[in-house]
Structures are given as C-alpha cells and as structure tokens.
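All of the numbers you see were taken from the coordinates with simple rules; none came from a lab. Treat the numbers as computed from the prediction; the structure is a model and nothing was measured. Cβ placement follows ideal geometry from the backbone for every residue including glycine, while neighbour counts extend to all protein chains displayed.
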Amino acid sequence: MKKCIAYYNEVLSRHQEVDGPCVVHMDFRPGNILVLNESKISGLIDFESAHGGPSEIDFTKIKQYVWDVYPETKEEFILGYKSIRTLPNLETFLPFYSFYHAFSGVAWCKKRGIEKNKEFLAENIQTLINIVG
C-alpha cells in the first residue's frame, strides 16, 4: 500500500495538465464495443461506470484488453479517435491511469466480493506489482 501511495503522489505531481473534463465511458473493452461488419465501430454499450473526467483515462482498458493483445488494432483506433477529437498525450498519462485502474479494480473486488472476483483481483494486484514493484 505504501508503494502505491508513493507512486501515486510522485506521478501525479509531475502531470498536472490533462485533457478534459468530458464524459468518459470508463469501460472500453471488447465486450462493450459494437462492431459492424467486423471492421467499423458502430457503438458502445454499458455506461454504468461513465462519469466526468479527463479523456486519457478511457484509453486504459482499450490498451490492456485490446492493444496489448491485438497490437495491430492500435493504429486504426487512434486514427478513428483523431477523426473525432485531439488525441491526448498517452505516453505521459497511460502508465498512471493503468495504475489507477488496477488500484480501483482492487477496491471494486472488495466492494463486490473478493470470493466472486478472485481472477480480476489477482489481475489487478499483478498490475500494481508490475507498476510499483
């Protein structure tokens, strides 16, 4: 926990400029992205976690669940995003938001039941270990 708090404070103090605020989906992952004819995104579903915040945070899950698994999809996604709005500085903020997502995921498991969410809990703990050591 101490390493997580130290990481949070150190990274946040270096990065004060963010894009936003805007409405962020907070759950971009394959199960929530509707694709038309296997080539074009036609919509998004599951806005349960949506709220106001910086747009950078929405790239966390798309990186983890799509780009890290299917790296060939990143360029096309970014081109599509740029056709709608300015792309935020992902290299600066994505590591921080990956940490934030994993930390929040641990809290989510505690709230929703650790026994029912063991795999998700383990995934998030491993992400935190990878980031903060």
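What is the chain by shape, rounded, prolate or oblate, if you read a ≥ b ≥ c off the alpha carbon gyration tensor as root eigenvalues and call it rounded for a/c under 1.5, prolate for a/b larger than b/c, and oblate otherwise? Oblate, because a/c is 1.5 or more while a/b does not exceed b/c.
Over all other residues within a Cβ to Cβ distance under 15 Å of Cys4, the charged ones net out to +2, with Lys and Arg as +1 and Asp and Glu as -1. Simple point charges give the picture: +1 on the Cβ of Lys and Arg, -1 on the Cβ of Asp and Glu, and for region 34-79 a dipole about the Cα centre of about 20 debye.
Remark: the Asn89-Val23 segment gains 22.0 nm on full extension, using 0.36 nm per residue and subtracting the alpha carbon distance. From the Cα gyration tensor of region 40-93, with a ≥ b ≥ c the square roots of its eigenvalues, which class applies: rounded if a/c is under 1.5, or else prolate if a/b is larger than b/c, or else oblate? Rounded, because the longest to shortest axis ratio a/c is under 1.5. Met26 sits among other residues whose Cβ lies under 13 Å from its own Cβ, and their net charge, with Lys and Arg +1 and Asp and Glu -1, is -3. Spin-label pair Lys74-Ser104: with each label point 7 Å from Cα along the Cα-Cβ axis, the two points sit 2.2 nm from one another. Each of Tyr65, Phe96, Gly80 was placed along the dipole of the chain (beta-carbon charges, centred on the mean Cα), and the one lying farthest toward the positive end is Phe96.
Taken about its Cα centre, the chain carries a charge dipole of about 460 debye when Lys and Arg each add +1 at the Cβ and Asp and Glu each add -1 at the Cβ.
With a cut-off of 9 Å between beta carbons, the residues surrounding Val66 carry a summed charge of +3, where Lys and Arg count +1 and Asp and Glu -1. Estimated at 0.36 nm per residue, the fully extended path between Ala6 and Lys40 surpasses their Cα-Cα distance by 8.1 nm.
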